[in-house]
Amino acid sequence: MKKIVLMIACGLLIGNLAFGQTKFGHINSAELLKAMPEVTKAETDIQAYAKTFQDQLQAMGKEYEKKIQEFQAGEKTMTEAMKEVKVKEIKDLEGRIESTNQSAQEKVEKKRQELLQPIIDKADKAIKTVATEKGYDYIFDTSTGTLLHVKAADDIMPLVKAKMGIQ
């Protein structure tokens, strides 16, 4: 029994020594990305791209409103066949608006990925480079909110910004 307790104690001591040699660091990747000038330009480009779709959808919305108003104004004098044609036109326009909106959202998201991925990769490379150069075993991303306590001395944000030439 004493041997078992002694072995467990030794195991815990060795485990603590090995853990004590592990170097942990943390960074807020969201803050890093905000500090990168490339992100600001990419966001501006994405907004400009999205605006082209917004303008198109606004024009379609105006056309839709006009068709509704025309239908309501002339509904009493229209024949049943004419009403059916106008209702079909309005429903077709609704479908095109919905389809255009969905397509626009998909295209804007694809553009966002296309523009931001190289920036994210650049930040990731800088983080890994700093971690390797400074001997960190683990770097935690505090922007995910998974850490409850972080030793401020291990924040590698200033080192990564310096590596990237960001002030």
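Taken together, the values in this text are just the output of simple stated rules run on the coordinates, not laboratory data. Bear in mind the structure is a predicted one, so any value in this text is a computation, not a measurement.
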Note, region 40-49: 3J(HN,Hα) by Karplus (6.51, -1.76, 1.60, θ = phi - 60°), whole Hz, Gly/Pro = x, goes 4, 5, 4, 4, 5, 4, 5, 5, 5, 5
I'd like to know how region 37-167 sits against the 2.2 N^0.38 Å rule of thumb: what's its Cα Rg over that expected value?
1.85
